[in-house]
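No value in this document is a laboratory result; all are computed from the given coordinates. Quantities reported herein were computed from a predicted structural model and do not represent experimental measurements. Here the Cβ is made from the backbone with ideal geometry for all residues, glycine too, and neighbour counts use every protein chain on show.
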Amino acid sequence: MIKGLTDRIKIARLGKIHLGEKKTSEKSGNLYPSATDYFVVHEDANTPKEIAEKFHEIYGNRPKELNIMFPLDDPEKFFPQWLKRYAGGTLVCKGDGEKAVETDPKTGEKKEIACLYKNCPYYQKKQCKEVGNLQFYIAEIPGGVFQVDTSSYNSILEVNTAIKLIKFQNNGHIANIPLKLTLRPMQVTVNGYPKTIYVLNLYKPLQKINIKPEKEPVKKFVTEKGIAEPELPYSDDVPEDLFPPDVDNEFEDMEDLPDFEPVDNIDDPFGETTANAKYGQLEVTAIKTLKKNDTGEIFHFLTCIDDKGEKHSITSQDDTVKQLTGKTLIEYELEPADNHFEKLVSYKVLENVQEV
C-alpha cells in the first residue's frame, strides 16, 4: 500500500459534450465554430467512438435535454470556473479576477500576477475568457463523467443559481440527485440587434426521472480508512470549442464564439442608433442598374427604407451590391456623389438574427 496513492480514487472522464459544431467558411475555407440549440457528441480525442455511439443510441443526434447527476456535493470541484488564457494548446494564465498564475510556455516557469479581469488586454482581445467546466454523470451511461465547457456569462450564472437552489432544497446536498440539463433559448441584444442564444439550464424535475441504467453510478467510495471522496478528472485541458486554433480571422470578433454567447452583461452598447449608420438600419427594397451613355460606366441605384419608413436613394459602382435586395444594412459609410445621390462606400449586412 502506498500512502497518498493507493487510497486515492479518481473518476474517469468518458467524453466531452459540445455546444456547437464546426462549419467551413465560404470566404476562406477555414473552420469556425457555430452554436447549436442541441448537445453535440462526436468521436474525437476526448470521446471514444463507442461512447459517442452509446450517447446517440440513447439520446439521438440532436438532444436538447440530458438526465444527469453530480458525483459530489462541492460545486467548486464539479463546476470549477476560472479566467483562462491558452497559447499553443497550453494553459498559460489562470485567474480569479484578483490573482492569477501565469506560465512561461517556453520554460514552464510559473509566477503569480495581478488578475486585471476586464481591464486585461488579453481579455479585451478575447484571448482570455471566463470558462466553466461542468462535470457530471449521464444516468444511462455509467463508468465516469462527461464534461461541458462554457464561456457563456448567462450559462455560468444560470447553472450556479440552480446549484445553490437545489442544495438549499436538499439540506446542502446535490450529489446523486437526478437532474435535467437542458439548452434554453434566450432573447438578448447583441450590438444593438435582437438575437436568440441558447444557455445551459439545470433543474430538478417535479416527477421522478424514469430511466433504467445498465447499472447505478457508485454513490460512495469505501476504502480501508472509510468513505473517501473521489477526485474528478483534470479540467484545464484546452477547450477547443472556446479557443479553437484554426478559427478564421473573419470570426475573431464575433460575440458568439463557443459557448456562443456574450460573455458580459447583456446591454445595448450603442444606444438607440448604430455606429457608422447615418439613417439607422436601411432595408434595401430595390436595385436598378444603369449605364452612363458618355462614359459607359455602370451604376447601381439602391432604394432603401429606414426604420421610420422614409425612402433613401443610394448609388454604388460595386457589383457586390446587386445581391443586397431584401437585405438590411446596419453599418455603412456614405459620401456625396456627383449625381446628387449619396454614394455607398462600405457596408455591413444584418445577418439572420435567429440563427445561432
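What the table shows:
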quantity: Label-to-label distance, nm, for residues given as Lys292 and Glu98 (7 Å Cα→Cβ offset); calculated: 6.7 nm
quantity: Qualifying lysines (Cα of each under 20 Å from Cα of Lys84; at least 8 residues distant if same chain); calculated: Lys16, Lys94, Lys99, Lys106, Lys110, Lys111, Lys118, Lys125, Lys126, Lys129
quantity: Residue exposure sequence - Glu158, Glu130, Glu310 - by fewest surrounding Cβ within 10 Å; calculated: Glu310, Glu158, Glu130
quantity: Residue-count net charge about Phe243 - beta-carbon cut-off 10 Å; Lys, Arg +1, Asp, Glu -1; calculated: +1
quantity: Extension gain from Lys308 to Lys23, taking 0.36 nm per residue of separation minus the Cα-Cα distance; calculated: 98.9 nm
quantity: Contour minus Cα-Cα distance for Thr90 and Tyr122 (0.36 nm per residue); calculated: 10.0 nm
quantity: Label-point separation, Thr196 to Phe299 (7 Å along Cα→Cβ), nm; calculated: 4.2 nm
quantity: Net charge over other residues, Cβ less than 14 angstrom from the Cβ of Asp74 (K, R count +1; D, E count -1); calculated: -1
quantity: Cα centroid separation - the stretch 147-205 against the stretch 1-51, whole Å; calculated: 20 Å
quantity: Fully extended contour minus Cα-Cα distance, from Lys278 to Asp7, at 0.36 nm per residue; calculated: 90.7 nm
